[in-house]
């Protein structure tokens, strides 16, 4: 499991970019519950799919919006 997979972190699902950015709700072993912008809450097996760190993207959005 990657270090960035912690509750509160933001991720993208590499194979499903249309789901948008998701925020991790919980992590139990390889099971990661993520609430995605356009897909809602999903239980992801991080051993089988790639989650990509998106914290930097969220910070960029905030900076662009709020200056």
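What follows is calculated from the coordinates using simple rules that are stated; it is not laboratory data. The shown structure was predicted, so the numbers you read here are calculated from the model rather than taken from an experiment. Please note: Cβ atoms are built from the backbone with ideal geometry, for glycine as well, and neighbour counts cover all protein chains shown.
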Shape call, the stretch 10-58: gyration tensor on alpha carbons, a/c limit 1.5: rounded
GNM top mover of 13, 43, 51 - the chain, alpha-carbon springs below 10 Å: 43
Rounded to 10°, Cα long-axis angle of helix 55-66 versus longest principal axis of the chain: 30 degrees
Residues 6, 33 arranged by fewest to most Cβ contacts within 10 Å: 6, 33
Label-point separation, residue 31 to residue 62 (7 Å along Cα→Cβ), nm: 3.0 nm
